[in-house]
There are 2 protein chains.
Amino acid sequence: MPRPAKHHPERGDARTRLLDAARDVIRAKGFAATSVDDLCKAAGVTKGAFFHHFATKEALGVAAAAYWAETTSAFFANAPYHRLDDPLDRLFGYVDFRKAIIDGDPAEFTCLVGTMTQEVYGSHPAIRDACAASIFGHAATLEPDIAAAMAARGIEADWTPASLARHTQAVLQGAFILAKATGGREDALDSVDHLKRYLTLLFSQTRSKGNPHDGR
Amino acid sequence: MPRPAKHHPERGDARTRLLDAARDVIRAKGFAATSVDDLCKAAGVTKGAFFHHFATKEALGVAAAAYWAETTSAFFANAPYHRLDDPLDRLFGYVDFRKAIIDGDPAEFTCLVGTMTQEVYGSHPAIRDACAASIFGHAATLEPDIAAAMAARGIEADWTPASLARHTQAVLQGAFILAKATGGREDALDSVDHLKRYLTLLFSQTRSKGNPHDGR
DNA sequence: ACAACCATACCAACCGTTCGGTATGTTTTT
DNA sequence: AAAAACATACCGAACGGTTGGTATGGTTGT
């Protein structure tokens, strides 16, 4: 696993350029439909550089998922909503932040690892595992705030902070599919609004009432 | 659009066999990673038969999406929950039915058109459009029951039946991504349970309360 | 000098697609 | 009713382009 060019950060950036290109091109065309030449062309490098940094195309897929996990982690860690005092405010701050970055073309705001997970499931387990680590790692960052918000409001629920955190990711991933289907953002934003409404309802009741339709 | 060989039902089924194979193989490997040979092998036919029925591989993708829309429409139309009297019971019956068919391998219960939408967005607009028609067409079938349930309970909401119907599809699609990421069903089922909880909360209040966190 | 980095040239396998041909059934002509 | 003409379903070999990957040599920083 070659280190990301620590000596000369402005030169020797072929690896990063390739990972950036992978992030953009794969989100638009998919992993399998993206050729190594496509990536080299988008990154402005040659095949020699590509196979110097990545043993195979699959290895680039794994590295792209890891790169996505790194960059998005830093992106969300620096987001302003973390400075809010109330954990529930931080949770809503996160969702609003996710809403705010749904802008422009779907290929720009949708999730690389969500796209790749579906596609390479069955053909590239290594990539799928790297994508899963990114998705669930990100979901886990929401759990402390959810748990704190539950404790602060005395919520006794039949769901766990982990399951709610993962549900938020499911809604976002599903919203991205709707966005890609229509090419627009409205359906995605509407779905995230439903998620916000769900969170509001969940945290506005102090104890969980029996679900009248929970037959099984 | 060649008719499916009405005279000899046991022969002339290469087209259907190919569409069945496409449904299964593409869900596991993705569209681009599935070669025409793969499909022919899985269907037990030759390339000649493939290109007799489909002009291009892309045309098969479009036909597979349309076939998916047809077969799933019939599948859900015949489901038992339609016989319930209360429209809200039918809505929960639908969600429980979706839960019940989340069984076995993810490649068997996940959504073909949701998978393809993400992948071919940008490279095959014709397939993407066919997938979008399937997704939103299916969502539209939920709107009458949602609207009737709202009317029966005097719900005055800031959301529409159409947006809630599409949100259910977003949750399901997102749940499928989680399932493919882990290879299991638990996270998907948990997410659908959150959807059920949301529906329960939505329809248990008679008028929409202001959202305390709806700052924008 | 030496290793890391990257470019050029190239290859073998695979891909989607084409096409000549066969078998069988259907319609039209005689 | 038989023959001729046509239509549909399917086979499988072959083609040309593309693909992921390799071999090799040059350049740059230390």
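Going by the structure shown, is A:GLU10 surrounded by fewer than 17 Cβ atoms within 10 Å (Cβ to Cβ), more than 8 Å from DNA strand C (Cβ to nearest atom) and modelled with pLDDT under 95? The answer is yes for A:GLU10. The residue that is nearest to DNA strand D (Cβ to nearest atom), counting only those in segment B:60-70 that are open to solvent by 40 Å² or more (accessible area, probe 1.4 Å) and in contact (Cβ under 8 Å) with a residue 12 or more places away in the chain, is B:TYR67.
Restricting the search to segment A:38-59, which residues are open to solvent by 40 Å² or more (accessible area, probe 1.4 Å), in contact with a Lys or Arg (Cβ under 7 Å, 6 or more places away or on another chain) and either at negative phi or among the hydroxyl-bearing types (Ser, Thr, Tyr) (or both)? Hit for segment A:38-59 is A:HIS53, nothing else.
Tell me whether segment B:181-189 contains one or more residues that are touching a Cys at 6+ places or on another chain (Cβ under 9 Å), closer than 22 Å to A:SER134 by Cα, within 7 Å of chain A (Cβ to nearest Cβ) and crowded, with 21+ Cβ neighbours inside 10 Å.
Looking only at segment B:181-189, we keep the residues that are touching a Cys at 6+ places or on another chain (Cβ under 9 Å), and these are B:181.
Add one more test, that the residue is closer than 22 Å to A:SER134 by Cα, and what stays is B:181.
In the following step, the residues that additionally are within 7 Å of chain A (Cβ to nearest Cβ) were identified as B:181.
This time we only want the ones that are crowded, with 21+ Cβ neighbours inside 10 Å, so: B:181.
The answer is yes; a qualifying residue exists.
Counting just the residues of segment B:117-175 that are among the aromatic types (Phe, Trp, Tyr) and outside any helix (DSSP H, G or I), which one comes out surrounded by the most Cβ atoms within 10 Å (Cβ to Cβ)? Per the criteria, the residue is B:TYR121.
Kindly evaluate B:ARG3 against the criterion of being closer than 25 Å to A:GLY122 by Cβ, modelled with pLDDT under 95 and open to solvent by 60 Å² or more (accessible area, probe 1.4 Å). Working first, answer last.
Working: closer than 25 Å to A:GLY122 by Cβ: no; modelled with pLDDT under 95: yes; open to solvent by 60 Å² or more (accessible area, probe 1.4 Å): yes.
In short, no.
One residue alone among A:PRO87, A:PRO80 is in contact (Cβ under 8 Å) with a residue 40 or more places away in the chain, away from DNA strand D (no atom under 16 Å from the Cβ) and more than 9 Å from chain B (Cβ to nearest Cβ), and that residue is A:PRO87. Within segment A:143-156, residues that are of a type in the set (A, V, I, L, M) have Cβ atoms under 8 Å from residues that are outside any helix (DSSP H, G or I) in these pairs: A:ALA149/A:ASP86; A:ALA149/A:ILE155; A:MET150/A:ALA157; A:ALA152/A:ASP86; A:ILE155/A:GLN205; A:ILE155/A:THR206; A:ILE155/A:ARG207; A:ILE155/A:SER208, counting only partners at least 6 apart in sequence or on another chain.
The values are calculated or read from the model by the stated rules, or taken from the named source; none is laboratory data. Since we're looking at a predicted model, the values are computed, not measured. Note that each Cβ is placed from the backbone with ideal geometry, even for glycine, and that neighbours are counted across all protein chains shown. Heads up: the accessible areas ignore ligands, DNA and RNA and are worked out on the full protein's heavy atoms, side chains in. Shrake-Rupley method; radii C 1.70, N 1.55, O 1.52, S 1.80 Å.
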